[in-house]
Amino acid sequence: MRIVADDTTGARSATVSPATSSQEVAGRAQARPAAPAPASRRRSSSARQRLEILFFVSPALLVFLFFVVWPVIKAVQFSVYRWKGYGPLVDFVGLKNYASVLQNEVFTDAFRHNITIAVLSIAIQLPLGLAIALLLNRKMWGQGMLRTIIFVPYVLAEVIAGVVWFQLLQPEYGVIDTILGAVGIQGPEQGWLGTPEVALYTVIAVLTWKYLGLAVILFLAGLQGVPDELYEAASIDGATWWQVQRKITIPLLGPTMRTWAFLSMIGSLQLFDMVWILTGGGPANSTTTMATFLVTEGTKRSNYGIASAASVILFVVALVLALLYQFFVLRRDLHDEPRSSRKKARR
């Protein structure tokens, strides 16, 4: 930059050399610190962000409050009254409804049935779904068609699936007894759904057919995240197929399997529709669940106080088991994350 003096006025003017003007301007721009935004502008920007978040979240929040929180509050209110479903709430009984539910043998059997369904569903669907997922993860002819066939039962509505299986399991004209009779297997005289000793396990078999597709799809999605380099390194080291699955596939698929098991457990505790269609809780309450118990007490016997108490107990049981599962099982997935990713999340 050259300084040129004006002979007439004595003023000095600065002219910028074309070769160095851009560099000097860039240097001055970098050296000059950016002026901090005014506090009022920062507050207005923060307030605008809060309003935007509230605008987009408020519809879902209103739906959650109206359809989840409010029914829970009303259920707790009804559970401390003896109420037949009409008229004002005047007969306050306190915790007697809860004591009546917990002392009811049908409800305790229903709780045991829910636990049995949860345990057997995980014990059956986990290895079976993992085996099918490993098979369908390999390149083969008709791979997409096989995946679709496996997932179709899960897409069907529970009502449709329940009605179809109810017809298939009828002892007089059901296809299942006809097929089993052709191979020399005789079904129960009162049918698979009419015999108390086998009715619950029949329901579990139908549930396995219905929800196995979800486990397979989730496991297939988890398998896509396993790096191929690990399999190549294992093959170079001479590892067998079982060693590869035991040392690489199953450990890396652990978070997916634990998440699926959580969904299966919660669904088993809240099971209603399939049991209601297949057996209605019978025969002799051999397939009753906590959900069918409270619906029967409320709609058929008009004991809405008892039904509300049972619903609150079901809610508490599901909530406690969910929290325990997240604390003792799902918590390890958070601890297994790289520290760098957790630091970025905190930032």
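Structural remarks
- A single entry from GLY238, GLY225 fulfils the requirement of being more than 30 Å from LEU319 (Cα to Cα), surrounded by fewer than 18 Cβ atoms within 10 Å (Cβ to Cβ) and either in contact (Cβ under 8 Å) with a residue 24 or more places away in the chain or touching a strand residue (DSSP E or B) at 6+ places or on another chain (Cβ under 9 Å) (or both): GLY225.
- Within the stretch 69-90, being at pLDDT below 90 and either more than 30 Å from PRO283 (Cα to Cα) or polar (S, T, N, Q) (or both) holds for TYR86, GLY87, PRO88, LEU89, VAL90.
- Among the residues of the stretch 190-222, just one is within 13 Å of THR116 (Cα to Cα) and among the aromatic types (Phe, Trp, Tyr), namely TYR201.
- Selection within the stretch 141-193: residues that are surrounded by 11 or more Cβ atoms within 10 Å (Cβ to Cβ) and aromatic (Phe, Trp, Tyr). The member of this set that is farthest from ILE204 (Cα to Cα) is PHE151.
- Any chance TYR211 is of a type in the set (Phe, Trp, Tyr), within 33 Å of the chain's Cα centre (by Cα) and surrounded by fewer than 18 Cβ atoms within 10 Å (Cβ to Cβ): no
- Lone unmet requirement of (1) crowded, with 17+ Cβ neighbours inside 10 Å; (2) in contact with a Leu (Cβ under 9 Å, 6 or more places away or on another chain) for ILE217: (2)
- Qualifying residue in the stretch 242-257 (condition: part of a loop (DSSP other than H, G, I, E, B), of a type in the set (D, E, K, R) and farther than 25 Å from LEU321 by Cα): no
- Single residue of the stretch 276-315 satisfying the filter (of a type in the set (Gly, Ala, Ser) and touching an Asp or Glu at 6+ places or on another chain (Cβ under 7 Å)) that is surrounded by the fewest Cβ atoms within 10 Å (Cβ to Cβ): ALA307
Let's see how each residue does on (1) modelled with pLDDT under 90; (2) more than 21 Å from the chain's Cα centre (by Cα); (3) of a type outside the set (D, E, K, R):
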| site | (1), (2), (3) |
| --- | --- |
| TRP242 | yes, yes, yes |
| GLY267 | no, no, yes |
| ASN303 | no, yes, yes |
| SER340 | yes, yes, yes |
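The values are calculated or read from the model by the stated rules, or taken from the named source; none is laboratory data. These figures come from a predicted structure and were not determined experimentally. Using ideal geometry, Cβ is built from the backbone for each residue, glycine included, and neighbour counts are taken over all protein chains shown.
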